[in-house]
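The values are calculated or read from the model by the stated rules, or taken from the named source; none is laboratory data. A quick note: this is a predicted structure, and the numbers were derived from the prediction, not measured. Cβ placement follows ideal geometry from the backbone for every residue including glycine, while neighbour counts extend to all protein chains displayed.
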C-alpha cells in the first residue's frame with residue numbers, strides 16, 4: 001500500500017513541482033527546466049554491458065567513447081561487484097578477469113556521486129513511483145544533475161515514460177551515434 005504523498009525537497013532551480021503520479025496525487029518536485037546534453041546516469045547493468053557481450057552492449061559502449069559525461073551513484077560499484085561475482089560463480093569468468101574489469105573501471109572518467117545525499121529524495125520517489133529504491137537513487141541523481149538516466153530495465157523505462165519524468169530517461173537503444181552527437 002502506498003503511503004500518503006509528501007513534499008519532496010527542491011532539486012536544482014527549476015520551475016516548480018511535477019505531478020509524478022498521473023491523475024492520482026501530487027508530489028511537488030522542483031526540477032531543472034531541461035537536461036544537460038551529453039550527461040548520462042547509468043546503472044551497473046549498463047556498465048556491465050561495457051565489458052560483456054550482452055544485448056545492447058554496442059549502444060552502451062557509445063557512452064564511453066569520449067563524447068559523453070557519465071554520472072553514477074557510488075552504489076554502482078557494489079551492484080557491479082554482485083554482477084561480477086555471479087559471473088565468477090557460474091564460471092563465465094575467473095577471479096583475475098573480474099579484478100581486471102574493476103581495474104579498468106577505476107581508470108574510466110566516471111563522475112561518481114555519493115548516494116547518501118540522494119536518500120531522502122530517492123525514498124520519496126520510491127513511495128510515489130512504486131519502484132525499487134536503487135532505481136530511485138539513479139532517478140534522483142539524474143534530476144539533481146540535470147542528466148538523463150539510460151536504462152535497459154524495460155519496466156523502469158515504461159513506468160517513467162508514463163510520468164512527467166520521461167525527459168529524464170532513455171532506453172539503451174535510443175543512444176544512436178546521431179542522438180549522442
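Observations, loosely collected:
- Considering the stretch 117-135, and only residues there that are part of a loop (DSSP other than H, G, I, E, B) and surrounded by fewer than 16 Cβ atoms within 10 Å (Cβ to Cβ), the residue that is nearest to the chain's Cα centre (by Cα) turns out to be 132.
- Among the residues of the stretch 43-86, those that are touching a helix residue (DSSP H, G or I) at 6+ places or on another chain (Cβ under 7 Å) and farther than 14 Å from residue 172 by Cβ comprise 51, 67, 71, 73, 75, 76, 79, 80, 83, 84.
- Qualifying residue in the stretch 168-175 (condition: part of a helix (DSSP H, G or I) and at pLDDT below 90): yes
- Residue in the stretch 158-178 that is buried (at least 21 other Cβ atoms within 10 Å of the Cβ) and within 15 Å of residue 50 (Cα to Cα) present: yes
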